[in-house]
Amino acid sequence: MTSLSMVDSVASAHPATLWLDRLDPPLRRRPGLGGGAGGPDPLEPLDVAIVGGGFSGLWTAYYLARLDPGKRIVVIEREVCGFGASGRNGGWCEGELAGSFEAFAARSSPSEALRQARAAFDAVDEVGRVCVTEHIDAHFQKGGTVRVARTAPQAERQRAEVSHHRRLGFTEEEVRLLDVAEATALLGATRVRSGIFLAPSAALDPARLVRGLAETVERLGVTIYEGTEVVELEPGWVRVRATGREHASTTRLRAGVVVRSTEAYTRDLPGMRRHFIPVYSLMIATEPLSDDVFGNIGLTDRPTFADDRYLVIYGQRTADNRLAFGGRGVPYLFGSRIRARTEQNLRAHRLIASTLADLLPAVSEARITHRWGGVLAIPRNWMPFVRYDPSQGRAELGGYVGEGVAASNLAGRTLAELICGHDTERTSLPIVGVKSRDWEPEPLRWLGVRSSRRLLMSADRFERATDRPATAAVRAAQLLRDPFGPRP
């Protein structure tokens with residue numbers, strides 16, 4: 001480690017995603033599809049065309065190819081597989097779905113919501129199983145997730161959360177409350193009051209997983225076109241062009257089923273600007289740390305970690321003993337814009353480094369080697385979904401609100417089973433058929449999202465300063481988040 005402080009080292013960090021930067025060999029763009037050359041016959045329909053080469057699209061392709069090897073399947077990706085959130089996230093393969101238990105229970109029943117929660121738990125093990133079966137070295141390690149409480153209000157919320165989980169039917173082996181000693185042994189953070197341990201959770205390298213999945217589906221007969229932009233998408237067909245060919249003719253492909261798995265980038269498709277809001281999450285990574293450092297901070301089994309502030313933070317110990325750590329440090333951009341330069345917001349990266357140093361002072365002198373960011377998708381009801389309309393040949397999945405590594409496996413597997421006409425324990429889960437209204441038009445969208453964020457920031461500051469719950473600010477933020485009440 002160097003004598004330069006962590007925060008001071010941020011400015012000189014490599015402006016690239018740790019996961020993608022370490023791939024060996026590096027990613028190379030596959031051939032594109034455009035202008036009618038080098039692709040399928042546009043007059044001969046495909047069985048399935050999948051738009052989006054991230055986790056959702058690739059998991060769907062994987063299970064489709066396994067369930068029905070005869071299907072003609074293509075994946076169409078504008079950049080390269082893993083360019084978006086799938087290659088940039090925190091590597092939390094966590095058995096949780098965005099959206100409250102109560103919202104899913106309202107769509108079905110409490111027992112069905114519990115069954116779905118355990119299906120999300122199982123998805124963690126399924127990701128690990130596929131990694132073994134398909135020889136994907138994604139540095140998968142199921143060490144659980146530890147969230148520590150560092151204020152009295154956080155500790156009270158943790159006690160209420162675990163008590164609520166018990167009433168819903170979750171077991172001690174699945175999720176449990178930790179006392180100070182137990183929590184500190186897992187994560188040697190400052191000011192620990194208590195902790196929660198979620199057992200169905202793993203750490204992994206998301207870029208290694210996404211590349212391994214892409215190579216696996218190709219071996220199974222799926223064709224992937226990269227550098228190919230979908231300019232129009234309708235039931236039964238897509239129109240594409242190769243990225244960068246300003247004057248190239250477009251290609252129109254027919255398909256029995258068209259799957260949209262574009263997450264935050266859905267905003268670029270015609271008529272879909274308000275389906276999601278793209279929200280930035282930024283990350284940093286330290287240099288490899290010594291055994292002595294980990295003797296102080298724990299993380300022995302590589303549990304993913306966070307505390308229970310309102311503005312989310314998240315971290316993991318990587319397989320090569322770095323800390324990869326992130327948070328949602330950049331506000332929503334007016335008009336749901338996505339800008340590459342926002343991923344390199346130096347002020348936000350310094351704030352994230354300062355947060356990590358405050359959480360774990362033992363690493364405060366570690367050098368930051370990488371800093372990056374990306375966007376995640378939030379639907380208006382904050383609930384992930386799997387939708388399939390066989391009469392229209394239309395399917396879509398996503399809306400994970402930053403919890404998509406394991407959830408995308410569950411969603412892609414479920415969608416593949418629906419498309420193949422299989423009746424399984426997943427095809428009737430409450431996640432199937434979830435619909436959401438669009439976000440409000442601007443400037444209401446910008447005002448609401450920005451104001452809610454400011455309120456939650458103030459709530460965190462208030463609770464740290466006073467050790468009392470910021471009830472008013474949180475209630476105001478919740479009202480801004482959904483002024484019309486929950487709509488499952």
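The values are calculated or read from the model by the stated rules, or taken from the named source; none is laboratory data. The model shown is predicted, which means the values in this text are computed figures rather than measured ones. All Cβ positions, even for glycine, are placed from backbone atoms using ideal geometry, and neighbour counts span all protein chains on display.
So the values come out like this:
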item	result
Index of the failed condition, Val330 passing every other in (1) of a type in the set (A, V, I, L, M, F, W, C); (2) surrounded by fewer than 24 Cβ atoms within 10 Å (Cβ to Cβ); (3) in contact (Cβ under 8 Å) with a residue 60 or more places away in the chain; (4) within 30 Å of Val434 (Cα to Cα)	(3)
Residue match in the range 359-374 (condition: farther than 30 Å from Thr151 by Cβ, free of Cβ contacts under 8 Å to residues at least 40 places away in the same chain and not small (Gly, Ala, Ser))	no
Tally, over the range 405-429, of residues that are farther than 28 Å from Pro45 by Cα and either of a type in the set (Asp, Glu) or in contact with a Pro (Cβ under 8 Å, 6 or more places away or on another chain) (or both)	3
Sole residue being in contact with a His (Cβ under 8 Å, 6 or more places away or on another chain) and of a type in the set (D, E, K, R), chosen from Arg274, Arg254, Arg260, Arg267	Arg267
Members of the range 310-323 found to be in contact with a Phe, Trp or Tyr (Cβ under 8 Å, 6 or more places away or on another chain) and surrounded by 17 or more Cβ atoms within 10 Å (Cβ to Cβ), listed by number	Ile313, Tyr314, Gly315, Gln316, Arg317
The lone exception for Gly298 - which of (1) assigned by TED's automatic domain parsing to the domain that holds Glu156; (2) touching a His at 6+ places or on another chain (Cβ under 8 Å) it fails	(2)
Failed item in (1) within 30 Å of Gly169 (Cβ to Cβ); (2) in contact with a strand residue (DSSP E or B) (Cβ under 8 Å, 6 or more places away or on another chain); (3) not in a helix (DSSP H, G or I), with Val74 passing the rest	(1)
Selection from the range 319-360 of residues that are hydroxyl-bearing (Ser, Thr, Tyr) and touching a Leu at 6+ places or on another chain (Cβ under 8 Å)	Thr342
Some residue of the range 81-95 being at pLDDT 95 or above, part of a loop (DSSP other than H, G, I, E, B) and under 21 Å from Ser436 (Cα atoms)	no
Strands (runs of 3 or more DSSP E) wholly inside the range 130-229 that include at least 2 residues being crowded, with 19+ Cβ neighbours inside 10 Å and of a type in the set (Gly, Ala, Ser)	194-198, 201-203
